[in-house]
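Student: Below are the structure tokens for one structure; questions will follow.
The values are calculated or read from the model by the stated rules, or taken from the named source; none is laboratory data. If you're wondering where the values come from, they're calculated on a predicted model, not measured in any experiment. Using ideal geometry, Cβ is built from the backbone for each residue, glycine included, and neighbour counts are taken over all protein chains shown.
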Amino acid sequence: MRFGVLGAVAAWRPGGAQVAVGGPRSRTLLALLALEAGRFVPAERLIDGMYGEHPPDGAANALQSQVSRLRTALKDLAPVEFTAAGYRLAVAPDEVDVHCFERLVREGRALLKNGEHARAADVLGEALALWRGPAFTDLADAPFAAARATRLEELRADAADDLAEARLALGQAEDVLASLRETVAAQPLRERPRAQLVRALAAAGRPADALAAFEDARRTLADELGADPGPELAEAHLAVLRGETEKPVLPGLPAQLTSFVGRDAELRQVAELLARARLVTLTGPGGTGKTRLAVEAAAAQAGPVAFVELAPHGGADIAGAVLTALGLRESTRGGPQEPVERLVAALRDRPVLLVLDNCEHVVDVAARLAARLLAACPGLRVLATSREPLGITGEQLAPVPRLAVPPPGTPAARAREFPAVRLFADRAAASDPAFTLDESTIGDVQHVCAALDGLPLALELAAARVRTLELGEIAARLDDRFRLLARGSRTAEARHRSLRGVVEWSWDLLTAEERALARRMAVFSGGATAAAAAEVCGADADLLPELADKSLVEPVGGRFRILETIRAFGAEKLAEAGEASTFHRAHAEYFLRFAAEADPRLRTAEQLEWLARIDADYDNILAALRWSTEHDVVLALRLVPLLAMYWWMRGRRFEGAGLSLAVVSRCSPEVREQYAEEFLVCVLGALAGRPHESLEQYLPLVRRYATDEDWTPRNPMLVMLLGVVVGPPGNDAELLGRGQSLLAAGDAWGWALLPMGMGLRAMMSGDLAGAEEGLREGAAQFRALGERWGLSMALDHLSQLRTWRGEYAAALPLMDEALGLMHEIGATDDVADLICRRAWTHLLSGDRVRARADYELAAATAARSGMPESRAAAYVGLANLSRLSGDLAAARELCERALAECAGGSFAAESVRAMALVSLGWLALAEGDRPTAASLHRSALSIGRQWNAGDVVAFALEGLAGVARPTEAAALLGTAAAVRGTAISGDPDVTAVRGRLVASLGVEGFERAYRTGLKHSIEDGRPAGGDT
């Protein structure tokens, strides 16, 4: 930068020294030329800029004199040239701070728009750093300065707003609070920074302060401008009320606790490959540092990054692991959906770098997943680590070499330049601060590095021994070990040829008690607490810190994690010792006891604590379930019912369905009979997932238990599963049987479930008074228990009931409370559905602005979580709003998008498709095509009857009323009210139809036909009115 106007007008020499430009006239001339850097400025414009509308006599001569003085001042910096076109400062625009600033602001804004928040923040920060004070601060009286300074200050303010936006997206809410407060204080009438301050305070966990900031903004705008808050500020306020806070774009990379040594060239190579290829795979044997290189390379990339550790997962779990890494869970609402399709839906429009770590044990599955996602998501890039290539088209391989080792005899100063020596010295000094690399130690260090082939993991393990062994002893023992290994079998796995000697040598340094604990720790997946390790392994828990000191396990957050390489080696040693079955069984029985303790706590006010505890040990629980499925199916059968509620609360029901199916497939007839209830939970859990033909044989068994009035289940979750999979009780006797079962079980949660279930059945059969009574009682009991999941379900249905009755002011608080509860337990997949229902309530109440805002929020929320049914439902709502406002083309496009998004095949998906058909039916009527409208409504009616969806049937009947003859139409409206239990107040379509019918039939004629329809219901098989 050689010239500046963002502050006092200045010029600088290359070394940074400032040039004396001269007096005000010279600085004004320099500013005018710098603003047009590289372009000729007519003399007339320069005179106007220097003197204004009334230049003095001889202004042209005065200009020439000023140019001469300026040339003298700038003779070593840049020429001031003259032609017939005028004068110009012959420099590139980027040598003037104002042009550089404007370019950086444009670049930063483009990056922000593309979702590259980290780069946007860097670029915008660089732009704002160019300011040294107010623009033209020393030329306040110059005629040109005021207008130019005002424009630049506005651009500066917008850039500051954009920088705050980027940092909020990066999760830096606390860091932007001070600057936002300063901006609001200096510019109190600008709404964007006020909205950002509200969002930042909420994201920083200060909702009360956020609401106070909004109130201050509202009051200031009203007092000063007589205006209400605009859309951005209002939406920020609503987000605080809903409990929605700013989140980083995607979960971050795993934090690293040690320095990154010796991979500068590889880091540059990976960056270059990622710039031109969408799939880059880091290959090499175990221990070469592929994971660390991938983390560092990803951290240097602009834009969002998601890291997925595949080592704990089998092939069938890979897509689910990616879902979890993206912060998504399987939905507890709607029908089955493939995890891969959810990933496609969530990533389709996002510029994400996905890191798939440790692919080698699931290479085929990982390759298929990467190929599918890359083909469907044009903004996606994948960085994989694996011991072998994924082997798909477009893959760019990046072999990770061993660290370079110096030749023998290299002096210490020169040897330190080699990455292997630098890594060993760094880790050895961390282990023993007294360690130094000098001429007395370099020989042994070189020998260790060479013997270990420069493998980073091996070097770190060896360096950890410096604290307890002489360096020469380490070198000698490694040398002996690897001479023997070099003559081993050529058919051994590559990983074992390179790392077995290192791990075995570390193993041999352990005491007998430490070796016993280390091999038994191999049964844990995902680490263990000291207490769990002691109980399962039958060892002294005080030995765990000793293993941590020797780098065999890692202490992380109060738990101990065993490295995967060490775990695999320990598993072999466990089998060699003949202990594998004993300790896998001890591990499975321990987590069976843990699940038995946790399950009932999930139905109490302690559920958040216990959900977190299950989360922490979920990998262990899965390992216990999989082992017992293979080796002791009775144990697995006992474990599944204890996990059923967790799976549903945490959005893992499809994962649970697959695990339950595996258990079902291994149960003999004798086991099924002896453990009937446990087997039934497994069958119901499997039926709640994807259809599988092997389950059909058990449907009679399910129906028999569902209708057995004498059977008393012990687990209240079983009754809920029966309701979800089999449906509500078909008659009062069956309902009474299930109710008595819940009461007999003596579980308070089951007692709360009973009235809620009875209320839901009443709601489905049109008995709204009974529905309200049951739902209220269920909500009261769940609230007394402090159980959020059941309470959210009861409140959700109560709010729907209130909406049906037109009691919108009562419905909305119930919806907001249910939403808050879902956020609290982490059921984010269900949020979009509730927001859609809230939007419908707003629409019925006549507030179409809030309805549209909620439908758009629901669509965006569903897009982030990859839920097509929820996104389709939001599109249907937006289509109805477009049609009601007269935009029929937009309505049709949205309905078609909804149908394309939601393929059907489940209750939720078919219900949404039916509502899209109803919306299209009303649209066809608006276009004057009554036959098509009738056909669409009949199709929706058929779907509603097929799936026993009474609300869908009612909506379809109301749609048919819109195209029927007057008497038939009135009867159809009556039938719809009979099916639902009420006519929905405020429905604009039904209100219009009713008005036309009253005008045609008269009040008495309409009421007579309507009462005829009220006598019919969904069980009649056809609506009143005959053919329509």
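Student: Of everything in region 419-440, what is outside any helix (DSSP H, G or I) and either under 30 Å from residue 307 (Cβ atoms) or of a type in the set (Val, Ile, Thr) (or both)? Give them in sequence order. Can you show your working first?
Tutor: Narrowing region 419-440 to residues outside any helix (DSSP H, G or I): 432-440.
Passing the criteria: only 436.
Student: What strands (runs of 3 or more DSSP E), lying completely within region 284-401, carry at least 2 residues that are at pLDDT below 85 and out of contact with any helix residue (DSSP H, G or I) (no Cβ under 9 Å at 6 or more places or on another chain)? Walk me through it before giving the result.
Tutor: On the way: elements: 305-309, 353-357, 381-386, 395-399.
It comes to none.
Student: Restricting the search to region 912-970, which residues are in a loop (DSSP other than H, G, I, E, B) and out of contact with any Gly (no Cβ under 9 Å at 6 or more places or on another chain)? Explain how you work it out, then say what you get.
Tutor: Step one: of region 912-970, the residues in a loop (DSSP other than H, G, I, E, B) are 927-929, 947-949, 962-965.
Residues satisfying the conditions are 927, 928, 929, 947, 949.
Student: Under 7 Å between Cβ atoms, which residue pairs at least 6 apart in sequence (or on different chains) link something in region 531-550 that is under 26 Å from residue 427 (Cβ atoms) with a partner that is among the polar types (S, T, N, Q) and modelled with pLDDT under 90?
Tutor: Pairs found: 550/506.
Student: Has region 200-209 got any residue that is in a helix (DSSP H, G or I) and surrounded by fewer than 15 Cβ atoms within 10 Å (Cβ to Cβ)? Before the answer, list the steps.
Tutor: Here is the first cut: in region 200-209, the ones in a helix (DSSP H, G or I) are 200-203, 207-209.
The next check asks that each one be surrounded by fewer than 15 Cβ atoms within 10 Å (Cβ to Cβ); those that pass are 208.
So far as region 200-209 goes, yes, one or more of its residues are in a helix (DSSP H, G or I) and surrounded by fewer than 15 Cβ atoms within 10 Å (Cβ to Cβ).
Student: I'm trying to understand the selection: among the residues of region 112-129, which are surrounded by fewer than 22 Cβ atoms within 10 Å (Cβ to Cβ), closer than 20 Å to residue 350 by Cβ and of a type in the set (A, V, I, L, M)?
Tutor: Listed by number, the residues that qualify are 112, 118.
Student: What are the residues in region 529-578 that are surrounded by 16 or more Cβ atoms within 10 Å (Cβ to Cβ) and either assigned to a loop (DSSP other than H, G, I, E, B) or β-branched (Val, Ile, Thr) (or both), if any?
Tutor: 529, 536, 539, 541, 550, 551, 552, 553, 562, 563, 565, 566
Student: Right, something else. Quick check on my filter: what residues within region 449-459 are in a helix (DSSP H, G or I) and buried (at least 19 other Cβ atoms within 10 Å of the Cβ)? I'd like the intermediate steps shown before the answer.
Tutor: Kept after step one, since they are in a helix (DSSP H, G or I), are these residues of region 449-459: 449-451, 456-459.
Matches in region 449-459: 449, 451, 456, 457, 458, 459.
Student: Next up: Say whether the condition of being more than 30 Å from residue 17 (Cα to Cα) and at pLDDT 90 or above is met by at least one residue in region 98-109. Working first, answer last.
Tutor: Start the filter on region 98-109 by keeping residues that are more than 30 Å from residue 17 (Cα to Cα), which leaves 109.
Those still in the list that are at pLDDT 90 or above too: 109.
Checked against the condition, which is being more than 30 Å from residue 17 (Cα to Cα) and at pLDDT 90 or above, region 98-109 yields at least one hit.
Student: If residue 396 meets every condition in (1) under 39 Å from the mean Cα position of the chain (by Cα); (2) buried (at least 22 other Cβ atoms within 10 Å of the Cβ) apart from one, which number is that one?
Tutor: Unmet condition: (2).
Student: What number of residues within region 403-448 are more than 48 Å from the chain's Cα centre (by Cα), surrounded by 15 or more Cβ atoms within 10 Å (Cβ to Cβ) and not hydroxyl-bearing (Ser, Thr, Tyr)?
Tutor: Residues in region 403-448 being more than 48 Å from the chain's Cα centre (by Cα), surrounded by 15 or more Cβ atoms within 10 Å (Cβ to Cβ) and not hydroxyl-bearing (Ser, Thr, Tyr): 4 in total.
Student: May I ask you to verify whether residue 127 is free of Cβ contacts under 8 Å to residues at least 40 places away in the same chain and not hydroxyl-bearing (Ser, Thr, Tyr)? Let's see the steps before the verdict.
Tutor: Details: free of Cβ contacts under 8 Å to residues at least 40 places away in the same chain: yes; not hydroxyl-bearing (Ser, Thr, Tyr): yes.
For residue 127, the condition - free of Cβ contacts under 8 Å to residues at least 40 places away in the same chain and not hydroxyl-bearing (Ser, Thr, Tyr) - is met.
Student: All but one of (1) assigned to a helix (DSSP H, G or I); (2) surrounded by 15 or more Cβ atoms within 10 Å (Cβ to Cβ); (3) in contact with a Pro (Cβ under 9 Å, 6 or more places away or on another chain) hold for residue 993; which doesn't?
Tutor: Here residue 993 clears every test but (3).
Student: Still on this model: Residue under question is residue 366, and the condition is that it be out of contact with any Phe, Trp or Tyr (no Cβ under 6 Å at 6 or more places or on another chain) and farther than 19 Å from residue 314 by Cβ; does it hold?
Tutor: No: the conditions fail for residue 366.
Student: Could I ask something else about it? Please specify each residue of region 1-49 satisfying the condition of being assigned to a helix (DSSP H, G or I), out of contact with any helix residue (DSSP H, G or I) (no Cβ under 7 Å at 6 or more places or on another chain) and more than 17 Å from residue 79 (Cβ to Cβ).
Tutor: 24, 27, 31, 44, 45, 48
Student: Here is a further query. Kindly indicate the residue of region 154-169 that is acidic (Asp, Glu) and more than 19 Å from the chain's Cα centre (by Cα) and also surrounded by the fewest Cβ atoms within 10 Å (Cβ to Cβ) among those meeting that condition.
Tutor: First, the residues of region 154-169 that are acidic (Asp, Glu): 154, 158, 161-162, 165.
Still in the list and also more than 19 Å from the chain's Cα centre (by Cα): 154, 158, 161-162.
On the way: 154: 11, 158: 15, 161: 18, 162: 23.
Among them, the one singled out is 154.
Student: In addition: Could you count how many residues in region 185-206 are more than 12 Å from residue 160 (Cα to Cα) and either in contact with a strand residue (DSSP E or B) (Cβ under 9 Å, 6 or more places away or on another chain) or not basic (Lys, Arg) (or both)?
Tutor: 15
Student: Okay, next question. Report yes if residue 623 is in contact with a Leu (Cβ under 7 Å, 6 or more places away or on another chain), touching a residue at least 24 places away in the same chain (Cβ under 8 Å) and under 30 Å from residue 682 (Cβ atoms), otherwise no.
Tutor: Working: in contact with a Leu (Cβ under 7 Å, 6 or more places away or on another chain): no; touching a residue at least 24 places away in the same chain (Cβ under 8 Å): yes; under 30 Å from residue 682 (Cβ atoms): yes.
No: the conditions fail for residue 623.
Student: I'd like to know if region 448-466 contains one or more residues that are modelled with pLDDT under 90, at positive phi and not assigned by TED's automatic domain parsing to the domain that holds residue 269.
Tutor: Taking region 448-466 and keeping what is modelled with pLDDT under 90, we get 448-466.
Applying the additional criterion that residues be at positive phi yields 453-454.
Applying the additional criterion that residues be not assigned by TED's automatic domain parsing to the domain that holds residue 269 yields 453-454.
So far as region 448-466 goes, yes, one or more of its residues are modelled with pLDDT under 90, at positive phi and not assigned by TED's automatic domain parsing to the domain that holds residue 269.
Student: If residue 273 satisfies all but one of (1) assigned to a helix (DSSP H, G or I); (2) more than 12 Å from residue 382 (Cα to Cα), what's the number of the condition it fails?
Tutor: The failed condition is (2).
Student: Could you tell me which of the residues 934, 949, 970, 956 is out of contact with any His (no Cβ under 8 Å at 6 or more places or on another chain) and crowded, with 24+ Cβ neighbours inside 10 Å?
Tutor: Working: 934 fails: crowded, with 24+ Cβ neighbours inside 10 Å; 949 fails: crowded, with 24+ Cβ neighbours inside 10 Å; 956 fails: out of contact with any His (no Cβ under 8 Å at 6 or more places or on another chain).
From the options 934, 949, 970, 956, the qualifying one is 970.
Student: Please name all residue pairs, on different chains or six or more residues apart, with Cβ atoms under 7 Å, provided the first residue is in region 246-266 and is over 24 Å from residue 200 (Cα atoms) and the second residue is aromatic (Phe, Trp, Tyr) and modelled with pLDDT of 75 or more.
Tutor: Listed by first residue and then by second, the contacts come to 254/307.
Student: Next up: Restricting attention to region 117-139, does a residue exist that is modelled with pLDDT under 85, part of a helix (DSSP H, G or I) and not basic (Lys, Arg)? Before the answer, list the steps.
Tutor: From region 117-139, those modelled with pLDDT under 85 are 117-119; that's our starting set.
Those left that are additionally part of a helix (DSSP H, G or I): 117-119.
Within this subset, residues satisfying the condition of being not basic (Lys, Arg) are 117-118.
Checked region 117-139: at least one residue is modelled with pLDDT under 85, part of a helix (DSSP H, G or I) and not basic (Lys, Arg).
Student: Please verify whether region 10-26 includes one or more residues that are polar (S, T, N, Q) and in contact with a Phe, Trp or Tyr (Cβ under 8 Å, 6 or more places away or on another chain). Walk me through it before giving the result.
Tutor: Looking only at region 10-26, we keep the residues that are polar (S, T, N, Q), and these are 18, 26.
Subset that is in contact with a Phe, Trp or Tyr (Cβ under 8 Å, 6 or more places away or on another chain): 18.
Looking through region 10-26, at least one residue is polar (S, T, N, Q) and in contact with a Phe, Trp or Tyr (Cβ under 8 Å, 6 or more places away or on another chain).
Student: Can I ask one more? Which residue is nearest to residue 860 (Cα to Cα), if the candidates are limited to region 883-902 and must be surrounded by fewer than 22 Cβ atoms within 10 Å (Cβ to Cβ) and in contact (Cβ under 8 Å) with a residue 24 or more places away in the chain?
Tutor: Quick first cut of region 883-902, residues surrounded by fewer than 22 Cβ atoms within 10 Å (Cβ to Cβ) only: 884-890, 892-893, 896-897, 899-900.
Filter once more, keeping what is in contact (Cβ under 8 Å) with a residue 24 or more places away in the chain: 884-885, 888, 892, 897, 899.
Working: 884: 22, 885: 22, 888: 23, 892: 20, 897: 14, 899: 17 Å.
Only one residue tops the list, namely 897.
Student: Looking at region 688-717 only, could you name the residues that are crowded, with 22+ Cβ neighbours inside 10 Å and modelled with pLDDT of 80 or more? Spell out how you get there, then give the answer.
Tutor: Our first condition is that a residue be crowded, with 22+ Cβ neighbours inside 10 Å; within region 688-717, this holds for 713, 716-717.
Residues satisfying the conditions are 716, 717.
Student: Let me ask something additional. Sort out which residues of region 224-238 are assigned to a helix (DSSP H, G or I) and closer than 28 Å to residue 155 by Cβ, and write them in order of number.
Tutor: So the first thing to find is which residues in region 224-238 are assigned to a helix (DSSP H, G or I), and the list is 224-225, 231-238.
Once the filter is applied, which keeps residues that are assigned to a helix (DSSP H, G or I) and closer than 28 Å to residue 155 by Cβ, region 224-238 yields 224, 225, 231, 232, 233, 234, 235, 236, 237.
Student: Residue 889 - would you say it is part of a helix (DSSP H, G or I) and out of contact with any Cys (no Cβ under 6 Å at 6 or more places or on another chain)?
Tutor: Working: part of a helix (DSSP H, G or I): yes; out of contact with any Cys (no Cβ under 6 Å at 6 or more places or on another chain): yes.
So residue 889 passes the test.
Student: Checking the structure you have, find out if any residue of region 91-111 is in contact with a Ser or Thr (Cβ under 6 Å, 6 or more places away or on another chain) and either touching a residue at least 24 places away in the same chain (Cβ under 8 Å) or outside the structural domain of residue 166 (by TED's automatic domain parsing) (or both). Talk me through it step by step, then tell me what you get.
Tutor: Narrowing region 91-111 to residues in contact with a Ser or Thr (Cβ under 6 Å, 6 or more places away or on another chain): none.
Within region 91-111 (the criterion being in contact with a Ser or Thr (Cβ under 6 Å, 6 or more places away or on another chain) and either touching a residue at least 24 places away in the same chain (Cβ under 8 Å) or outside the structural domain of residue 166 (by TED's automatic domain parsing) (or both)), the answer is no, since none of the residues qualifies.
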